[in-house]
Structures are given as C-alpha cells and as structure tokens.
Amino acid sequence: MRVVSTNNLRKQSVTLAKLALLPFLIFAMPLFAAGSESSEPEVGSSVFEYSTSVYVQVESFEQAVRVFRWLDLIKLTEIGRTTLEAINDSGNRLLIYHHDTALYSAGLTGARLSKNLVNGVGEDAFIKFYLDMEMEGTNCVRGEKGGFIEFTALQNLFHELSHARHKMNGTWLYFDSEGQAIREENIFRQHWAEYRSTHYYLRNDMIDEEDLVLKVDHSACGALAALDE
Ligand SMILES: [Zn+2]
C-alpha cells in the first residue's frame, strides 16, 4: 500500500484555500484562441486557475470547488500526480469547462487536430465535463469481465486528463487513443484502490460502442452488471 505523506495532504488544503481566496475571478475571459471548440462555454461563466497550465471555467462557485477537489484527490495517486505534472510541463494549456451535454458523453477531451498531437510537441486542450456530477459518477462502463462497472467522478475525470496529457505532449495514439486512456485509467483505478484499501474493477480496454451507459435514477452499476449476464 502506498503511504501518502502529510505533506501531500497539506498541499491539498493549501490548494483549496487558494481557491477560496482566489484573486483572479475572470469573467468570460477569452483564454483560448478563437476557432477552438473550447470557446463554447457560456458567456458570464468564470475562469479559475488551478495550476500554471490548468484552468477551470464554471457556471457556479460550487462547480469550481468540486473540480479543484477532484483534481487534488487525483493527485494523491502516483499516476494522477505524474499525469498532472506532464500536463503542467507540456508548455500547453488545458481548459476544463462545464457543459450539460457532457452528462451523456461522460466527458469529452479535444484539441486542434494537427501533427503536433503525435510528434512530441502537443497542443492546447480542453475537457468538456459535467461539473454538477456527484462523486459516484453519472455513468457505468464496461468491465473487463463483460458486465458494467462503476465510473466515479474521479475515474471519469482522470480518463479525460489522460487524453489531455497525450494531446498536450504530442504522445497521442491516433489509432488507439481510447485504449491508451483506458489502460491508464485502469492503473488509476488500481492506485486509488490501494490508497483507499478497497476493491477495484478494471475496465475493458477493447473499444465497443456500448461500453458506456448513463445511470438511471442513481442505479448501481453492479445491478446493470447482473442484468447483463
Ligand atoms: Zn476516452
């Protein structure tokens, strides 16, 4: 089991404190170049800086608190920390923003389509995410054994961060980008379970059109798994 130092926990509370005192509440700032899909967020929403390369655009302060907390928790795992470090070290910027439609897609990560995605240079990226999500997540995903398994807010956001990491560093696998993110998500699932001393389920990394379903009335993913067998 991985031991997390109190230093990490201290850093987490510092980050949350930073959010509460945030001096730069920027209204509808056009952070990213026009023409990028990330220009989609609503006018009037607010931008917060999470780190030198990661910005969050939200429609409510609660959404900002929620996503800062998720990012801090993801950072407690080794793969979460290295993923966020790679994003910060990429020299490109990431915008995470709220959109209601992301409820159905369980997040979407994009960037300008160019050779920089695969040649080690990278591009600015965005993550469209449903920031009103509860911790247990809004969707279930296909597990390695065939049934549906949990897809928590942390697993979901980490998955999108993995896509962003590779697009921002030019290490994106054009022909297997989903498999690339799912394999790293599986490592995150394992690291998080070790950190929390809980059981974990791995996700099926073979791409299937029916590998993601929206939860109905907060149904548990395990119940869906039972139906599936
Ligand atoms: Zn994906």
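Grab the beta carbon distance between MET135 and PHE175, set R0 = 41 Å, and tell me the FRET efficiency rounded to 0.05.
Values: r = 34 Å, r/R0 = 0.82.
Given R0 = 41 Å and the Cβ-Cβ separation, E is 0.75.
Based on the Cα atoms of segment 113-229, what semi-axes does the equivalent ellipsoid have, where each is the square root of 5 times one gyration tensor eigenvalue, given in whole Å with the largest first? Before the final figure, lay out the partial values.
Working: eigenvalues 142, 43, 40 Å².
Square roots of five times the eigenvalues give 27, 15, 14 Å.
Under 5 Å between amide hydrogens, which residues at least 5 positions from ALA125 or on another chain qualify, with H placed 1.01 Å from N in the peptide plane?
Sorted by chain and number, the residues that satisfy this are ARG93, LEU94, LEU95.
Each reported figure results from applying straightforward, stated rules to the coordinates on display, with no laboratory input. Please read these numbers as outputs of a predicted model, since none were measured by experiment. Don't worry about glycine lacking a Cβ; one is built from the backbone with ideal geometry, like all the others, and counts go over all protein chains shown.
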